[in-house]
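Here is the structure we will look at, set down as structure tokens.
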Ligand code: FAD
């Protein structure tokens, strides 16, 4: 029987939300343990596009929604952390781009008029031309308009690696988690047979949170999954591009991020409308054909004849909402010692952490004394999302 442990906050799930929270709490002096049954970051986090949104995308509908307001401060907070001057020291994390772009390929003036109707957007967005354009769009045949958004794009594997470093000795690989009850009250978890008592338990296990809640007999908070069918294309002719390409609607037609591969080429990761409902209904070959058609229309000067293609199906896990509407903020629900939620966006991990910290402060939870941790088996780190998908 492994020895019992005690900690202040026991976190289940080491995606960016759990790892960020863990690092924040440790910096505040709390003892923590973070358990994960897979690879750190290997859920949605590493498969995300790594964009630290400031909410401007949501203003495409013409009005700044709640989403735009809640998320507006995230680029500043992340930027400070990346400079080593923020709430966490993320210096050394690879910044793929210090801007994300909004790209209107043709004559979508109507769409942009409503977008720029918002004063808050006007102050955060500037048009770029000529050699300020993203490298992939610097071509005589390029027509259209490009706006620079004050948003960042991060290399998520390097972010995960840094957050794991900040976790020190608090990480524990696990296979089986069961509730640990005293008089019917949750006081911790039994992890692979080892009792771990904690003042608070946080479920930040992404798509795994619903199952964890069910193992405690809880149906709430309810979770929804939003399936996506992303496309990956790698070619020696690709240059970096980080952009939402506008279509006629309120959602980007495609969202492109670019990732350097080990052999020195760039890989484009395509999301946006292409990856949503119609894309989810397509099989892999049809989805690749749809992506080829989009790129042939949008960037016809890029020769993709020797490109390698793949698709990736992945669900976003979020709190349940009516009509699969996009949630506005990080979400946290509480029941006794248990806190459970979803950041809803990687960019909103600081907001998720704020909510947990506020709950601890409100309940007067403070760092207590705990015996030193023994050497624990650590969960592995995840690699790039395309590993195993391309030859
Ligand atoms: P996850 O990253 O899913 O991590 C959950 C962790 O919990 C995993 O490590 C898993 O192994 C572990 N786990 C699960 N079940 C258990 C269990 N029972 N016991 C122990 N451990 C368990 N957001 C942005 O801000 N910008 C973007 O550009 C962006 N792009 C996206 C693109 C795609 C295709 C997708 C799918 C999402 C995107 N998102 C983006 C959203 C973002 O990825 C997620 O909101 C965020 O990564 C969620 O982080 P998380 O830590 O909550 O969950």
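The values are calculated or read from the model by the stated rules, or taken from the named source; none is laboratory data. This one's a predicted model, so the numbers in the text were calculated from it and none came from an experiment. FYI the Cβ positions are ideal-geometry reconstructions off the backbone, even for glycines, and counts take in every protein chain you see.
If we keep just the residues of segment 172-218 that are under 20 Å from the mean Cα position of the chain (by Cα) and more than 9 Å from the ligand (Cβ to nearest atom), which is nearest to residue 29 (Cα to Cα)?
The extreme case among them is 202.
For segment 1-38, filtering for residues that are modelled with pLDDT under 95 and either out of contact with any strand residue (DSSP E or B) (no Cβ under 6 Å at 6 or more places or on another chain) or within 16 Å of the ligand (Cβ to nearest atom) (or both) leaves 2. Filtered by the rule that a residue be assigned to a strand (DSSP E or B), within 19 Å of residue 381 (Cα to Cα) and touching a helix residue (DSSP H, G or I) at 6+ places or on another chain (Cβ under 9 Å), segment 138-181 gives 154, 171. The single condition from (1) touching a helix residue (DSSP H, G or I) at 6+ places or on another chain (Cβ under 7 Å); (2) outside any loop (DSSP other than H, G, I, E, B) that residue 385 fails is (2). If you filter segment 182-204 down to residues that are part of a loop (DSSP other than H, G, I, E, B) and in contact (Cβ under 8 Å) with a residue 60 or more places away in the chain, you find that the one that is surrounded by the fewest Cβ atoms within 10 Å (Cβ to Cβ) is 193.
Using the structure shown, decide if residue 332 is surrounded by 18 or more Cβ atoms within 10 Å (Cβ to Cβ) and more than 11 Å from the ligand (Cβ to nearest atom). Talk me through it step by step, then tell me what you get.
Working: surrounded by 18 or more Cβ atoms within 10 Å (Cβ to Cβ): yes; more than 11 Å from the ligand (Cβ to nearest atom): yes.
The answer is yes for residue 332.
State yes or no: is residue 132 surrounded by fewer than 20 Cβ atoms within 10 Å (Cβ to Cβ), in the same structural domain as residue 268 (by the TED database) and out of contact with any strand residue (DSSP E or B) (no Cβ under 6 Å at 6 or more places or on another chain)? Lay out the reasoning, then the answer.
Working: surrounded by fewer than 20 Cβ atoms within 10 Å (Cβ to Cβ): yes; in the same structural domain as residue 268 (by the TED database): yes; out of contact with any strand residue (DSSP E or B) (no Cβ under 6 Å at 6 or more places or on another chain): yes.
Judged against the criteria, residue 132 is a match.
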